[in-house]
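K.L.:
Dumping the structure here so I can ask a few things about it.
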Amino acid sequence: MVRKRKTQGKSFAQMEIGAIRKSGKARVKIALVYPNRYHIGMSNLGFQTAYALFNAPPEVTCERVFLPESDDPPGIGVTTIESKSRISEYDIVAFSISFENDYPNLLTILERGGFPLRSDQRTIPHPLVVAGGVACFLNPEPIAPFIDCFLIGEAEELIAPFLQCVSDADLNTESGRETLLMHIAQKVPGAYVPKFYEAVYQADGTLGDFKPMMEVPSKILRVFSKDLSSHPTCSSILTPEAALGHTFLIEVGRGCTHGCRFCAAGYVYRPPRFRTRRDFEKMVDRGAPITDKIGIVGAAISDHPDIEHLCLYAIERHLQVGFSSLRADSLGSALLGVLKKNKTQTVTIAPDAGSERMRSVINKGMNESDILNAATVLIESGMLNLKLYFMVGLPTETIEDVEAIITLCKRIKHRFLKSSKTKGRIGTITVSLSSFVPKPFTPFQWAAMDGVRSLKEKIRKVKESLNKIPNIRVHADIPRWAFLQGVFALGDRRVADMLVAAHNNYGNWAKTLKESVINPSFYVHRDRPLNELLPWDFIDHGIRKSFLASEYRRALDGIPSPPCPIESCRLCGVC
Ligand code: SF4
């Protein structure tokens, strides 16, 4: 389906503010690729940050590339936004990957760019293909055969040393390229060159060994910014064509203290870090002249110790403030006051599970009265619409837990009605249901996913019960795509064969999975023993595996754990 452009007859480039165009001959030319459409990529702060960092050195030019629009003529290949140049003309093609389900697009872009899909089939003059982004530092193995080098960790600490190696290298000869890859693998912390490592599989299909075949680190250390103030993380380019429109995105913190056991961001961005007031003010001052709306980005925004001050700083400059989701248990009067001043109409809260038991299993750290009180105070403060996130298919889930989602939504609706009476109008409750997908480096990395049929049945049950209630609507994801996400998130290098097969089958995954020599359920529909060697175990996030295992056991016993105290603690091993 062709997405209707907001600005007909104008190129994306013509609608932008802030794009970087460098004249003069660059020493290194980089095509930075977001493996999905323009409007999605331009709303991704990680992508925008990589763009600014790659363009920082004067001798490097970096231009952006997206999955071609479905109405783009097929023959045009893949070109950059800034200069409409083909990506085959660049020295480096760098993918910024946040979501596993974008992996098939990566192959489409490589092929339409005129490159062989697999690294071992590419030679000079094909560009060097590198990749980074959270999907890569969770588990890069399913796409490892397509990528020459991964950058594992936070871009602010990775891109400069990487570019240092590149700018001294000979990119135009095979031997020069080999030397560069070895240099990067040995000298750049967080760099991972897949071809220097061997994965050995056992007869039962599990990983028997994963070892370096060269003088390269046996473990890849995830690198992270110890001091967020060292780099601003905010939008570089604004465009009305972005999914979030002309919103200037500002990161207020990284990581989260709560330790919800399904949430990868709560683990791979440890230790939790907050930006200072001064940091934030500087970024607002940068955005205010070019927009009327800022978007506050972070895992647990409402936990920021200065959240009220930050918001008021923007509101006093006549800016609208947008939030991703807020925790029901941290809606203090100060924050409510800000939401009111901001004339916020819709607030998103994520109970994630319906029953107290299941919220203890996932370590959500909030109870039913927190959620119901949040609904009441939000409505009473003038926010008429609520968005509620829930998951189905969580470990140990019973049908009673699914029914508890229905019951909780009905109770919220009741509070909603009672509180709206004084407002003389009633808003909408939007329930968003997603299928639980276990993620690497979380306590649930050993857990099996629920079956597609069972997920469909649970979603149908919730929808049937809630869709008949006025002012409640239910949106749900597609369990079949959640299953594929699970295969891409938990798979090993052999999943690359499935990706190539699906690519050759024009995206016909049903056909591909039926013909696959590897049973995809092997990756997602079995509980893994705690001593199994996992495809992503070679990455060191600093979190002890024993900590994740003890959290998993506590989950299975329905025992919650205290939040991360941020300082003077050694519990998970990161600090
Ligand atoms: S060591 Fe303690 S303070 Fe540090 S990230 Fe882990 S749980 Fe949090």
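K.L.:
May I ask for the percentage of alpha-carbon pairs in region 48-124 that lie more than 18 Å from each other?
P.N.:
Working: 1311 of 2926 pairs.
Every Cα pair in region 48-124 considered, those over 18 Å come to 45 percent.
K.L.:
Hey, how much of the P(r) for region 61-204 falls beyond 22 Å, as a percent of Cα pairs?
P.N.:
40 percent
K.L.:
Each residue of region 319-327 in turn: what ³J(HN,Hα) in whole Hz from Karplus with 6.51, -1.76, 1.60 and θ = phi - 60°, glycine and Pro shown as x?
P.N.:
For region 319-327, the Karplus-derived couplings read 9, 7, 10, x, 10, 6, 10, 10, 7 Hz, x marking Gly and Pro.
K.L.:
Per 0.36 nm of contour for each residue apart, how much would the distance between SER225 and GLN164 grow if the chain were fully extended, relative to their Cα-Cα spacing?
P.N.:
Taking SER225 through GLN164 to full extension adds about 20.1 nm, to one decimal.
K.L.:
At q = 0.16 Å⁻¹, what is the log10 ratio I(q)/I(0) for region 343-477, with the Debye formula run over Cα points and no solvent?
P.N.:
-0.79
K.L.:
Assuming 0.692 mPa s and 37 °C, estimate D for region 305-354 with Stokes-Einstein, Rh taken as the Kirkwood radius over Cα pairs, in µm²/s.
P.N.:
On the way: Rh = 11.6 Å.
This corresponds to a translational diffusion coefficient of 283 µm²/s.
K.L.:
Which one of SER302, GLY558, LEU372 has its Cα pushed farthest toward the positive end of the charge dipole of the chain, where Lys and Arg give +1 and Asp and Glu give -1 at the Cβ?
P.N.:
With unit charges placed on the Cβ atoms, the residue in question is LEU372.
K.L.:
Right, next: Ignoring ligands, DNA and RNA, what percent of the accessible area of the chain is carbon or sulfur (1.4 Å)?
P.N.:
Of the solvent-accessible surface of the chain, carbon and sulfur hold 54 percent.
K.L.:
What's the magnitude of the charge dipole for region 343-477 around its Cα centre, counting Lys and Arg as +1 and Asp and Glu as -1 at the beta-carbon? Answer in Debye, nearest 20.
P.N.:
Here region 343-477 has a charge dipole of around 680 debye.
K.L.:
Would you kindly derive the ³J(HN,Hα) couplings of region 555-570 from the backbone phi angles with the Karplus curve 6.51 cos²θ - 1.76 cosθ + 1.60 (θ = phi - 60°), listing them in order in whole Hz, with x for Gly and Pro?
P.N.:
Those phi angles translate into 4, 4, 8, x, 9, x, 10, x, x, 5, x, 6, 9, 6, 9, 10 Hz.
K.L.:
With angles folded into 0 to 90 degrees, how steeply does helix 452-466 sit against the dominant principal axis of the chain? Use alpha carbons for both and round to 10.
P.N.:
For 452-466 against the chain, the angle is about 30 degrees.
K.L.:
Given only helices, namely DSSP H runs of n ≥ 4 each adding -39500 (n - 2.57), what is the per-residue ellipticity at 222 nm of the chain, to the nearest 500 deg cm²/dmol?
P.N.:
Helices in the chain give a 222 nm mean residue ellipticity of -9500 deg cm²/dmol.
K.L.:
Which of the cysteines found in the chain have nothing to pair with, since no other Cys Cβ lies under 4.7 Å from theirs?
P.N.:
CYS62, CYS136, CYS149, CYS165, CYS234, CYS256, CYS311, CYS409, CYS564, CYS569, CYS572, CYS575 - these cysteines have no disulfide-compatible partner (Cβ-Cβ under 4.7 Å) in the chain.
K.L.:
What list of ³J(HN,Hα) couplings, whole Hz, do you get for region 420-429 from phi and the Karplus terms 6.51, -1.76, 1.60, once you set θ to phi - 60° and write x for glycine and proline?
P.N.:
6, 3, 5, 8, x, 8, 10, x, 10, 9
K.L.:
Report the percentage of all Cα-Cα pairs in region 254-369 whose separation exceeds 16 Å, rounded to a whole percent. Please report the intermediate quantities before stating the final value.
P.N.:
Details: 4185 of 6670 pairs.
Roughly 63 percent, once rounded to a whole number.
K.L.:
Taking every DSSP beta bridge that has both residues in the chain, what percent is antiparallel when rounded to the nearest 5?
P.N.:
Details: 12 of 59 bridges.
Around 20 percent antiparallel, to the nearest 5.
K.L.:
Just for the Cα atoms in the chain, what are the lengths along the principal axes, largest first, rounded to whole Å?
P.N.:
Largest first, the chain extends 73, 59, 52 Å along its Cα principal axes.
K.L.:
Give the ranking of THR173, THR512 by solvent-accessible surface, highest area first, calculated with a 1.4 Å probe.
P.N.:
THR173, THR512
K.L.:
Ok, one more. Tell me the angle of helix 277-287 to the major Cα principal axis of the chain, expressed in degrees between 0 and 90 and rounded to the nearest ten.
P.N.:
Tilt relative to the chain: about 70 degrees.
K.L.:
Now, a different point. With viscosity set to 0.692 mPa s and temperature to 37 °C, compute the Stokes-Einstein D of region 464-540, Rh being the Kirkwood radius across alpha carbon pairs; µm²/s, no decimals.
P.N.:
D, rounded to a whole number, is 220 µm²/s.
K.L.:
Here is a further query. Enumerate the lysines that LYS219 could reach by cross-link, defined here as Cα to Cα under 26 Å, with residues fewer than 8 away along the same chain left out.
P.N.:
Those lysines meeting the cut-off are LYS187, LYS195, LYS211, LYS439, LYS545.
K.L.:
Give the accessible area for VAL500 in Å² (nearest 10); use a 1.4 Å probe, count only protein heavy atoms, and leave out ligands, DNA and RNA.
P.N.:
30 Å²
K.L.:
Each label point is 7 Å from the Cα along the Cα-to-Cβ direction; what then is the distance between the points at GLU464 and ILE20, in nm?
P.N.:
Placing both labels 7 Å beyond Cα along the Cβ direction yields 5.5 nm.
K.L.:
If region 432-484 were replaced by its equivalent ellipsoid, with semi-axes equal to the square roots of 5 times the Cα gyration tensor eigenvalues, what would those be, largest first, whole Å?
P.N.:
Over the Cα atoms of region 432-484, the semi-axes work out to 25, 11, 9 Å.
K.L.:
Follow-up. In what sequence, highest mean first, do 89-95, 555-561, 538-544, 113-119 appear when ranked by Cβ atoms within 10 angstrom?
P.N.:
Averaged packing, sorted descending, gives the order 89-95, 538-544, 113-119, 555-561.
K.L.:
Work out the charge dipole of region 343-477 with +1 on the Cβ of Lys and Arg and -1 on the Cβ of Asp and Glu about the Cα centre, then indicate which of HIS414, LEU455, LEU433 is farthest towards its positive end.
P.N.:
Toward the positive end, the furthest listed residue is HIS414.
K.L.:
Hey, what's the chain come to in accessible area per residue, 1.4 Å probe, Å²? Show your work: numbers first, answer last.
P.N.:
Numbers: 23280 Å² over 575 residues.
Using a 1.4 Å probe on heavy atoms only, each residue of the chain averages 40 Å².
K.L.:
If amide H atoms are built 1.01 Å from N in the plane of the peptide, which residues on other chains or at least 5 residues away come under 5 Å of the amide H of CYS564?
P.N.:
Answer set, sorted by chain and number: HIS258, GLY259.
K.L.:
Taking a cut-off of 18 Å between Cα atoms, list the lysines near LYS423, but don't count ones fewer than 8 places away on the same chain.
P.N.:
Once the sequence-local lysines are set aside, what remains near LYS423 is LYS340, LYS341, LYS343, LYS413.
The values are calculated or read from the model by the stated rules, or taken from the named source; none is laboratory data. Every value quoted in this text rests on a predicted model; they were computed, and no experiment measured them. Please note: Cβ atoms are built from the backbone with ideal geometry, for glycine as well, and neighbour counts cover all protein chains shown. With ligands, DNA and RNA removed, areas are computed over all heavy atoms of the protein, side chains included. Shrake-Rupley method; radii C 1.70, N 1.55, O 1.52, S 1.80 Å.
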